[in-house]
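Read-outs throughout are calculated quantities, based only on the coordinates presented, and are distinct from any laboratory measurement. Not measured: the values here are computed from a predicted model. All Cβ positions, even for glycine, are placed from backbone atoms using ideal geometry, and neighbour counts span all protein chains on display.
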Amino acid sequence: MDPSLVSQIVVAAATLIAGFIGHLLAGLNESRRDKRTFRHDRQERALERADQREDKRRIFQRETLLALQDALQAMARHTGKAIHLDHMQAREGKYTHLPETLSEDMLTSTVEVRRLANRILDPEVRDTIDDFIELSSRFTTVPEHFRALSGNDLEDQFFAMLNELSERVNATMDVLGQAIRREIAWQPNDFSSGETASNARQS
């Protein structure tokens, strides 16, 4: 075979092979780019879904905390009324149970506070609410706080109980207020920059 013809065939074959390899490499590079774009989009969607779930959770916690504030205030008012009633009865040497209406109000408010507190994720808030419920129950369940007291001793006991109730209410409201402010201040990018973002990048 003519050497020049062989040379032309080799050059043509080499050109064809080089073109095929170039096309193949271009396809592989494009495939890699598509995969990177897909992984990036998937991570972005995962972060967005995580932010949405967290935002819904935060909204639910915030609304529950606000409702808990109102329920706690009602419970504190009923507790104060019960202390005052027991005090007035004790002035006459009487140690009776609470009137049925006030007793029902106390029970209703206690149940509502417990119901709302059980929805709160923050253990500090739940523990604080449990402490307040314990105090309210101790002050209102059995009218024994004023028994055998009279005069200044009776009045001192009454004001001591009111002061303790007031201090506990203020402390509990402060804990609730801090929790509410944390929920209000939360931003989605605070969440996505943390653990969930890290997990999403690894998926």
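Among the residues of region 102-142 satisfying the criterion of being free of Cβ contacts under 8 Å to residues at least 12 places away in the same chain and within 19 Å of the chain's Cα centre (by Cα), which is surrounded by the fewest Cβ atoms within 10 Å (Cβ to Cβ)? Taking the candidates together, the pick is 123. Right, residue 72: surrounded by 15 or more Cβ atoms within 10 Å (Cβ to Cβ) and farther than 30 Å from residue 177 by Cα or not? It is false that residue 72 is surrounded by 15 or more Cβ atoms within 10 Å (Cβ to Cβ) and farther than 30 Å from residue 177 by Cα. The residues of region 85-101 that are without any contact (Cβ under 8 Å) to a residue 60 or more places away in the chain and either surrounded by 15 or more Cβ atoms within 10 Å (Cβ to Cβ) or not aliphatic (A, V, I, L, M) (or both), listed by number, are 85, 89, 92, 93, 94, 95, 96, 97, 98, 99, 100, 101. On the basis of being part of a helix (DSSP H, G or I), out of contact with any Cys (no Cβ under 6 Å at 6 or more places or on another chain) and without any contact (Cβ under 8 Å) to a residue 60 or more places away in the chain, does residue 160 make the cut? Here the answer is yes, as residue 160 does meet what is asked. Assigned to a helix (DSSP H, G or I) and over 30 Å from residue 182 (Cα atoms): does that describe residue 107? Here the answer is yes, as residue 107 does meet what is asked.
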